[in-house]
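Remarks on the structure that follows.
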Amino acid sequence: MRRSLRLSPKSVFLSHSSKDRAFVEKLANVLASHRIPVWYSRVDIQGAKQWHDEIGRALKNSDWLVVVLSPNSVKSPWVKHEVLFALRSAKFNNRIVPVLLKDCKIDDLSWTLENFQIVSFIKSFSDGCRNLLKVWGRVYDPKFIHD
């Protein structure tokens with residue numbers, strides 16, 4: 001991930017496991033508060049065929065992918081499909097940001113992700129937000145954290 005690409009995103013797709021929903025909702029609120037348009041699934045999509053099409057549309061309409069990495073997400077077939085879609089799409093070139101929520105075997109999801117600039121949230125949510133927002137040239141304002 002090159003930091004020189006400080007383009008304002010049209011839409012950021014948050015790829016994640018539904019088991020990490022609390023973190024993802026908090027992150028999505030911070031991004032939205034900093035004027036970063038974000039799309040993420042707010043419901044459990046396993047087994048729901050109608051969500052397959054909605055996720056596909058959201059990926060097609062997004063120009064950035066943030067993948068939340070955790071032991072849950074690296075085992076998720078949905079997350080794997082989303083990451084593979086982004087890796088194969090030219091529009092996501094240099095626009096995939098792995099976010100490390102918890103230590104996990106990243107290569108279980110994709111052997112390529114370890115080559116990207118990974119933004120860690122392990123030690124501090126605020127530091128993670130600060131570093132993630134820098135990708136788009138935004139300055140983090142901690143008053144937007146909603147617990």
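In table form, for the structure just shown:
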read-out	value
Some residue of region 126-143 being surrounded by 21 or more Cβ atoms within 10 Å (Cβ to Cβ) and farther than 19 Å from Asp20 by Cα	yes
Residues of region 107-147 classified as in contact with a Leu (Cβ under 6 Å, 6 or more places away or on another chain) and under 24 Å from Leu84 (Cβ atoms), total	4
Residue check, Ser62 surrounded by 13 or more Cβ atoms within 10 Å (Cβ to Cβ) and modelled with pLDDT of 95 or more	no
Residue among Lys80, Lys102 that alone is touching a Ser or Thr at 6+ places or on another chain (Cβ under 8 Å) and part of a loop (DSSP other than H, G, I, E, B)	Lys102
Total residues in region 58-95, condition under 11 Å from the mean Cα position of the chain (by Cα) and closer than 14 Å to Ser120 by Cα	4
Count of region 106-123 residues which are assigned to a loop (DSSP other than H, G, I, E, B) and modelled with pLDDT of 95 or more	4
Cβ pairs under 9 Å, 6+ apart, first in region 9-26 and in contact (Cβ under 8 Å) with a residue 24 or more places away in the chain and among the charged types (D, E, K, R), second buried (at least 16 other Cβ atoms within 10 Å of the Cβ) and in a helix (DSSP H, G or I)	Lys19/Ser73; Asp20/Ser73; Lys26/Phe125
Any chance Gly56 is crowded, with 19+ Cβ neighbours inside 10 Å, small (Gly, Ala, Ser) and part of a helix (DSSP H, G or I)	no
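The values are calculated or read from the model by the stated rules, or taken from the named source; none is laboratory data. Remember, it's a predicted structure, so these values are computed and weren't measured experimentally. Cβ atoms come from the backbone with ideal geometry, glycine included; neighbour counts cover every protein chain shown.
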